[in-house]
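Novice: The structure that follows is given in the form of structure tokens.
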Amino acid sequence: MYKLDLPLDPKEVSAIERRRNKEQQRQSRIFNAKVRTIGVDLPALEKQVEERKINESTEKARDEAFDADRVQYDKIAQMLEQKEQEVARNLDQAVQEFREKYQQPETRREFDIYDPEGLKKDRPARVCDDDPRCGPASLQKFAGEDLSEKERKKLQVEMTKKYLSEQKAERQREQAQKKYADNLDYKKRVELDERAQYLSLMEEECRKAIDMATTNFNQALALEAEERKKLLKQQEQNNNFAEIYNNLTGDILTEDPAVAISCLSPQRVLPDRWKGMTPEQLRVIWDAQEKQRQEKQRLIEEEKQRDSEWDKQRMLAARAAMTMEQQEEELNKNMRKRLDSYNQQLSREQQAHLRYLEKDVYTNNPTAHYHTQFNTTSR
């Protein structure tokens, strides 16, 4: 008996395993459409790398330009903000200086009411600096005690009277100023009215003077125009009389044909002196017109004859075209009949061939196992 369970050569096993791994790797590369490549287009890759570098450099330059602009704009914004803050600070400082200089709390009338140093400035109710009975523990004023009520009320009444008198004087002064202003306004209006009346009178007088001057000027122009019309009419009458006399005594009304001959050529005439053509000239023109009429009549007859010939030719061509169309229709009809019979024959043959394929040729239909044998290797 043959011994079939001999151990395989490790080198052969490793070679088989290596080829199997390479085949799997090749299949993974080839069967995967995303990573499959057939050759490498080095110029295209180099061009892509170059374009990418150019795009990166362009993007970098643009970013640097944007960064520079951004830094410049930030500096401008900071400068503007600093300037605005400085202006606001100067304005606040000026306001504070004005308040410290012209709006001190001590300058107010009611400052004594809410003076924080009022109690320190106030003297005690009973001054006993030299009284030996007032020791260090002696109380001079108690909370809620108002020993200077009478003086305070009296002072308040005096201040109220003073304020009322100042308000009254201020009101009287304002009324006096208002009255003075009203008086000035009234005087100004009166002055303006008087000036307007004076200007209106002056304007009326000036208008009357202008109207009178215009009327006189128009009358003078009318007289001058009437005189000019009389002179023109007289001159026109004189010219008309002279023209009538010249026409009566001239060659125009004498019916002399020699006066119509031009000095440039005997064949030319003067239109303003021409009295008409002679009978011989008229006869020559009539003969020429008769010849033209006969020639035109001959041309009309020839055109009619030519048109009739063209009509005959068109009728013959139309009849021939109709005959050819009928023949063409017959040929097309016969061709369609032959084509229909040929198509029917082809249809019968195709159906017989399909039946033959279905019954005799395509008897062994492929199964799913048949398709699994494809694309199993990369070779």
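Novice: With within 30 Å of residue 113 (Cα to Cα) and without any contact (Cβ under 8 Å) to a residue 60 or more places away in the chain as the only criterion, which of 179, 153 stands out? Walk me through how you get there before you give the answer.
Specialist: Details: 179 fails: within 30 Å of residue 113 (Cα to Cα).
Among 179, 153, only 153 is within 30 Å of residue 113 (Cα to Cα) and without any contact (Cβ under 8 Å) to a residue 60 or more places away in the chain.
Novice: Would you point out which residue out of 370, 356, 362 is surrounded by 10 or more Cβ atoms within 10 Å (Cβ to Cβ) and either within 30 Å of residue 26 (Cβ to Cβ) or in contact with a strand residue (DSSP E or B) (Cβ under 6 Å, 6 or more places away or on another chain) (or both)?
Specialist: Step by step, each of 370, 356, 362 is checked, and only 370 is surrounded by 10 or more Cβ atoms within 10 Å (Cβ to Cβ) and either within 30 Å of residue 26 (Cβ to Cβ) or in contact with a strand residue (DSSP E or B) (Cβ under 6 Å, 6 or more places away or on another chain) (or both).
Novice: Please determine whether any residue of the range 270-282 is in contact with a strand residue (DSSP E or B) (Cβ under 8 Å, 6 or more places away or on another chain) and either on the phi < 0 side of the Ramachandran plot or of a type in the set (Val, Ile, Thr) (or both).
Specialist: Scanning the range 270-282 turns up at least one residue that is in contact with a strand residue (DSSP E or B) (Cβ under 8 Å, 6 or more places away or on another chain) and either on the phi < 0 side of the Ramachandran plot or of a type in the set (Val, Ile, Thr) (or both).
Novice: Can you tell me how many residues in the range 267-314 are at pLDDT 90 or above and of a type in the set (A, V, I, L, M, F, W, C)?
Specialist: Matching residues across the range 267-314 total 5.
Novice: Taking residue 45 as the residue in question, decide whether it is modelled with pLDDT under 85, surrounded by 10 or more Cβ atoms within 10 Å (Cβ to Cβ) and within 60 Å of the chain's Cα centre (by Cα). First the steps, then the outcome.
Specialist: Values: modelled with pLDDT under 85: yes; surrounded by 10 or more Cβ atoms within 10 Å (Cβ to Cβ): yes; within 60 Å of the chain's Cα centre (by Cα): yes.
In short, yes.
The values are calculated or read from the model by the stated rules, or taken from the named source; none is laboratory data. All values derive from a computational prediction rather than experimental measurement. When we count neighbours, we look across all protein chains shown, and the Cβ atoms used for this are built from the backbone with ideal geometry, even at glycine.
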